[in-house]
Amino acid sequence: MTHADGWRRAVVAALLAASGAASGTDISPLQLLDRMNDAVRQRDYEGRFVVQAGDHLDALYLVHRVDGGAEKERLVSLNGRPREVIRSDEAVVCRAPGRDHHINVGSGPADRSFSPLAGVSASQLSQHYTMRLLQTERVAGREAYQLLIEPKDDMRFGYRLYIDRVTDLPLRTVMFDEQHAPISQMMFVELKTDGTITPIERDLSAMQLAHATKEQPVPAARLERPGWSFSDPPPGYQLNVHRWRQVPEGVREHFIFSDGLASVSVYVQPARGDAIRGVQELGSARAVGRLLDGQEVVVVGEVPVKTLEWFAEHIQAASR
């Protein structure tokens with residue numbers, strides 16, 4: 001798990017744990033979430049926001065542009081160690097400004113945003129969450145819908161989203177636990193959505209920066225099907241992504257499960273000396289690790305520990 005992965009999870013989780021919506025309107029929660037998803041992907045926007053996870057606070061700057069139907073974005077940290085992520089339809093790179101080198105995150109079509117403005121699979125939510133619109137509030141000087149999303153069980157956290165009434169962009173997000181105590185939150189303090197958005201290419205181009213190191217191909221036989229399976233995923237969580245990657249120790253297998261809002265990553269790779277054991281805190285996320293048949297299994301997510309342990313306990317080698 002890289003620093004870029006941890007950074008992405010922190011900001012991505014901080015956003016999804018948010019709020020937004022209003023009473024006295026004829027729009028439904030699901031319609032509002034669908035409109036938010038479209039706005040996040042299709043609008044040009046630029047702004048500064050803060051992300052809080054526990055006692056840690058980060059300030060970030062974001063530019064998102066759509067050029068010919070292709071998304072481009074730049075995410076820059078404004079405090080702590082300088083770092084930034086640039087994403088285009090050709091590559092994703094992470095680098096430290098002022099240095100000659102960059103850290104490549106990936107090449108080829110980049111379909112995952114590293115910004116906090118992540119979409120929500122609204123159609124999956126009704127079975128495991130209740131949603132209702134509350135009184136509108138002001139965020140970043142804008143009137144916002146306030147949408148409360150509460151879990152129906154103890155396998156996921158609750159969320160409060162504040163969604164701009166004009167642009168449908170999420171302006172603030174709060175993720176809360178069973179006692180409604182905030183776990184993490186994101187809030188814009190400045191947001192622009194008109195025609196004056198800064199061109200990303202003026203400063204940094206992902207197309208120019210990306211010189212990806214060729215990854216060692218995984219043998220075709222290993223790609224036929226997953227090497228691991230899950231006998232009984234927690235209610236509502238479905239497998240969305242499965243990947244293989246060559247690592248120095250062998251092959252790492254990565255599973256991503258989601259209930260439409262919360263997500264859980266499961267990594268399986270040859271055991272190392274620094275393997276995670278038990279439960280560890282990773283900002284607003286948690287990780288649960290175990291050893292299984294000489295492999296290190298790590299389950300990561302912004303969900304209750306009970307959910308992470310469920311995945312860790314129900315993984316098994318797939319039959320061949």
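The values are calculated or read from the model by the stated rules, or taken from the named source; none is laboratory data. These numbers were taken from a predicted model, which means no experiment stands behind them. Here Cβ is always computed from backbone atoms with ideal geometry, including for glycine, and neighbour counts include all displayed protein chains.
Worth a mention:
- GLU309 vs. criteria at pLDDT 90 or above and part of a helix (DSSP H, G or I): yes
- All positions within the range 37-60 that are within 17 Å of THR196 (Cα to Cα) and of a type in the set (S, T, N, Q): GLN42
- Matching residues, the range 206-250, being of a type in the set (S, T, N, Q) and at pLDDT below 50: THR213
- Failed condition for ARG225, given (1) part of a loop (DSSP other than H, G, I, E, B); (2) of a type outside the set (A, V, I, L, M, F, W, C); (3) within 28 Å of GLN52 (Cβ to Cβ): (3)
- GLU302 being surrounded by 18 or more Cβ atoms within 10 Å (Cβ to Cβ), within 16 Å of TRP228 (Cα to Cα), outside the structural domain of GLN52 (by TED's automatic domain parsing) and among the acidic types (Asp, Glu): no
- Residues (touching a strand residue (DSSP E or B) at 6+ places or on another chain (Cβ under 7 Å) and surrounded by fewer than 17 Cβ atoms within 10 Å (Cβ to Cβ)) located in the range 28-42: ARG41, GLN42
- Considering the range 268-285, the residues that are part of a strand (DSSP E or B) and buried (at least 20 other Cβ atoms within 10 Å of the Cβ) include one that is modelled with the highest pLDDT, namely VAL268.
- In the range 225-242, the residue that is surrounded by the fewest Cβ atoms within 10 Å (Cβ to Cβ) out of those that are out of contact with any Asp or Glu (no Cβ under 8 Å at 6 or more places or on another chain) and more than 15 Å from GLU309 (Cβ to Cβ) is ARG225.
- Residue satisfying all of: in the range 292-306; at pLDDT 90 or above and assigned to a strand (DSSP E or B); farthest from GLN52 (Cα to Cα) among these: GLU296
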